[in-house]
Amino acid sequence: MSAVTTAMFDFHIHTTLSCDGRCTTDEVCRKAIEIGLDAICFTEHMDLDPADPGYGFLNYGQYCQQVEEARRHYGAKLTIFKGIEIDYQSRFEDEIRDWLADKELDLVLGSVHYVDGAMLSEEMIGRRDLDKIYLLYLDEVRRSAESGLFGVIGHLDYIKKFTGDARYLDSNEQLRPALEKALRAVIASRAALEVSTKGLVAKSRDYRPSFNIVRLYKRLGGRTVTIGSDAHDCQVLGTGVAKLQRICEKIGLLVITSPSNPTFRPSPGRRAR
Ligand SMILES: [Zn+2]
Ligand SMILES: [Zn+2]
């Protein structure tokens, strides 16, 4: 393995504590050290929609315990943060706020996986008008930012996971006002925008969101991003994170490397509202 010259971070990782994770906390830590990551943030799923397959899956107490154990074992070599990926649906905003109220988290990631009460999927998208789905999706992303609940807005343009069309959103003029509105809401909320490398190994073969959209975010006044692989197994942990960090920094974005970063709000759900 070549020497690591700059610090490397992966701030979006699932383990078997998430309903769809395939590696244990311990396996992720060992792999992270092996590939030269300096810091990781676990972002286990928290779904507050009773109809979601992940509803009730996360045992928060067990999660805290496993992170503490991992820090004891690997803390000298690896900085380990404890985050959460909350599925955002505006109709469950009160439940999300209540759940966050007594949690101690380093990073709260808000991600939209549903529109109109239906989970985004290839099948669901195939049945409906794509522009309409995008408009509903972008509106829900805007609401997620405006809720003030999240320190980071996750994997914008999640829809391309299912269409495989990497640049549909970038090039569609009809969707541009809704996209800009969502990005402006992210900026106004002082949340960071996540850039996920997961799409690099999926059929769209591109970041989520694309780098065109990351540049648009910057042009509109966005300053901060987090970077994560959204790994559900160890094989893809840290995919492309070092390169992405370099290109984000090159265009003048601040890549969040620690929740203690002054521009970062670790757990906004705990703020008095
Ligand atoms: Zn997600
Ligand atoms: Zn995820």
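The values are calculated or read from the model by the stated rules, or taken from the named source; none is laboratory data. None of these values were measured; they are calculated from a predicted model. Cβ coordinates were reconstructed from backbone atoms using ideal geometry, including for glycine residues, and neighbour counts include every protein chain displayed.
Scanning region 228-238 for residues that are more than 13 Å from ligand 2 (Cβ to nearest atom) and surrounded by 18 or more Cβ atoms within 10 Å (Cβ to Cβ), we see that the one that is farthest from Val28 (Cα to Cα) is Gly238.
Taking the criterion of being assigned to a helix (DSSP H, G or I) and either at pLDDT below 95 or of a type in the set (A, V, I, L, M) (or both), the residues of region 124-138 that qualify are Met124, Ile125, Gly126, Leu130, Ile133, Leu135, Leu136, Leu138. For region 139-165, what are the residues that are more than 16 Å from ligand 2 (Cβ to nearest atom) and either surrounded by 21 or more Cβ atoms within 10 Å (Cβ to Cβ) or part of a helix (DSSP H, G or I) (or both)? Across region 139-165, the qualifying residues are Asp139, Glu140, Arg142, Arg143, Ala145, Glu146, Leu149, Thr163.
Looking at the structure I just gave you, is Gln89 within 14 Å of ligand 1 (Cβ to nearest atom) and farther than 21 Å from Leu237 by Cβ? When the stated conditions are applied, Gln89 passes them. For region 96-115, taking the residues that are among the acidic types (Asp, Glu) and loosely packed, with under 14 Cβ neighbours inside 10 Å, the one that is nearest to ligand 2 (Cβ to nearest atom) is identified as Glu104. Remark: pairs (first residue in region 134-153, among the hydroxyl-bearing types (Ser, Thr, Tyr); second residue part of a loop (DSSP other than H, G, I, E, B); Cβ separation under 7 Å; 6+ apart in sequence or on different chains) = Tyr134/Ile159; Tyr134/Leu175; Tyr137/Val112; Tyr137/Ile159; Ser144/Tyr88; Ser144/Val112; Ser144/Phe150. Going through (1) touching a helix residue (DSSP H, G or I) at 6+ places or on another chain (Cβ under 7 Å); (2) in a loop (DSSP other than H, G, I, E, B); (3) surrounded by 14 or more Cβ atoms within 10 Å (Cβ to Cβ) one by one, Phe42 falls short only on (2).
Scanning region 76-86 for residues that are within 20 Å of the chain's Cα centre (by Cα) and away from ligand 1 (no atom under 16 Å from the Cβ) gives Thr79, Ile80, Phe81, Lys82.
The number of residues in region 1-39 being at pLDDT 95 or above, of a type in the set (Val, Ile, Thr) and assigned to a loop (DSSP other than H, G, I, E, B) comes to 4.
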